[in-house]
1. If you check A:122, A:65, which single one turns out to be within 10 Å of chain B (Cβ to nearest Cβ), farther than 22 Å from residue B:31 by Cα, out of contact with any Phe, Trp or Tyr (no Cβ under 6 Å at 6 or more places or on another chain) and modelled with pLDDT of 80 or more?
2. Tell me yes or no: at least one residue of the stretch B:6-28 is surrounded by fewer than 16 Cβ atoms within 10 Å (Cβ to Cβ), in contact with a Leu (Cβ under 9 Å, 6 or more places away or on another chain), modelled with pLDDT of 95 or more and within 11 Å of another protein chain (Cβ to nearest Cβ).
3. Would you be able to say whether some residue in the stretch B:89-103 is surrounded by fewer than 24 Cβ atoms within 10 Å (Cβ to Cβ) and facing chain A (nearest Cβ under 9 Å)?
4. Can you tell me which residue is farthest from residue B:26 (Cα to Cα) among those in the stretch A:125-154 that are facing another protein chain (nearest Cβ under 7 Å) and of a type in the set (Gly, Ala, Ser)?
5. Looking only at the stretch B:114-148, count how many residues are within 21 Å of residue B:93 (Cα to Cα), surrounded by fewer than 19 Cβ atoms within 10 Å (Cβ to Cβ) and not hydrophobic (A, V, I, L, M, F, W, C).
6. Quick check, is residue A:140 modelled with pLDDT of 90 or more, farther than 30 Å from residue A:19 by Cβ, among the basic types (Lys, Arg) and surrounded by fewer than 16 Cβ atoms within 10 Å (Cβ to Cβ)?
7. Report yes if some residue within the stretch B:62-70 is surrounded by fewer than 16 Cβ atoms within 10 Å (Cβ to Cβ) and charged (D, E, K, R); otherwise report no.
8. Step by step: first the residues of the stretch B:104-113, then only those that are surrounded by fewer than 21 Cβ atoms within 10 Å (Cβ to Cβ) and small (Gly, Ala, Ser), then the one that is farthest from the other protein chains (Cβ to nearest Cβ). Which residue is that?
Amino acid sequence: MIEDEEITDEERREAEALAHALERGSAREDLPEDALQTAALLRYGRDGGALPPDRAEAVLSDVLEAADRIAARTPERRRPPRWGWVLGAVGLAAALMLFVWLRPRGPTTATALPAPDPAVLEARLAGDDARFDDAMGDYRGAVYAALEERYGAR
Amino acid sequence: MNRIFPALLGLLALLCGCEGEAPRAWVAAARADSAAAETAAAAGDDEAALRRLGALLAREVPAGVAEEDARVVRQDACDRVARIHLARGDAERAMRFVRRGLELGEGEDVFTANLIITRGRAHEASGRDRDAAEDYARAIAIQEALLERALGGERLGGEP
């Protein structure tokens, strides 16, 4: 005989798991592989592996409980959030903006400016500031008019 | 998604529209600053003229404005600022604006010629007569080229 003091906690747990397996026909996690085989052999030798109706009921209720627990733990399959569409749209918009801003542009040609009145530089070279200011003011106005026509500022 | 795609197409159209708006706005603002500076200078308010010309020069040239067009506008402003400083006897500050203008490039036109003449005046004011003479000679060469073009009835090249 083995003294009670010599039985370790681990052996006790295994014995309980073996008893449970024999009782229910199903193994718990703490049942070691060799004990599981022993339980299976014992059960098979006793009734050929057939489960009596009352134990089948018990096993079924265990299975259903376990299934409920698993279902409770499993998160619901979520629908894609609405903000996912918003993020997608923002990303697409950003891509469009980049396309518009970074697309290759050809060199912008200069605007055809009106020919200046020869009086402009004549007055400037002569040091006639009053005449230069008048002539340059007129020419400047014509240049801005040409630029506005080109860039549609009017 | 049925609503998103038309919205994105609208956004794209808006972006393309905005792209044309920036050059338009830049030209309009530059003209307003230039006109205000002209009025202020004519009234003897040099400080106001300098403020408006400074605002014109500080404004960033948007994409879509031809480099040559930007040069013309900014060189004109630089020359006017330089002339005001020169008239106040500050040849060094005048020279800084002349350099700033000429760094934008040199064309065979009135705007570049004006800057070169102003530089000549600044050299003259600083006693560098030889440098001044060289600048006047260059300005005269540009003037002759412009006269030839004017007699030929040509317009300065580029897009109408």
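1. A:122
2. Among the residues of the stretch B:6-28, not one is surrounded by fewer than 16 Cβ atoms within 10 Å (Cβ to Cβ), in contact with a Leu (Cβ under 9 Å, 6 or more places away or on another chain), modelled with pLDDT of 95 or more and within 11 Å of another protein chain (Cβ to nearest Cβ), which makes the answer no.
3. No, the stretch B:89-103 has no match at all.
4. Only one residue fits best here, namely A:137.
5. 9
6. no
7. yes
8. The qualifying residue farthest from the other protein chains (Cβ to nearest Cβ) is B:105.
The values are calculated or read from the model by the stated rules, or taken from the named source; none is laboratory data. Note that this is a predicted model, so its numbers are computed, not measured. Every residue, glycine among them, receives a Cβ derived from its backbone with ideal geometry; neighbour counts consider all protein chains shown.
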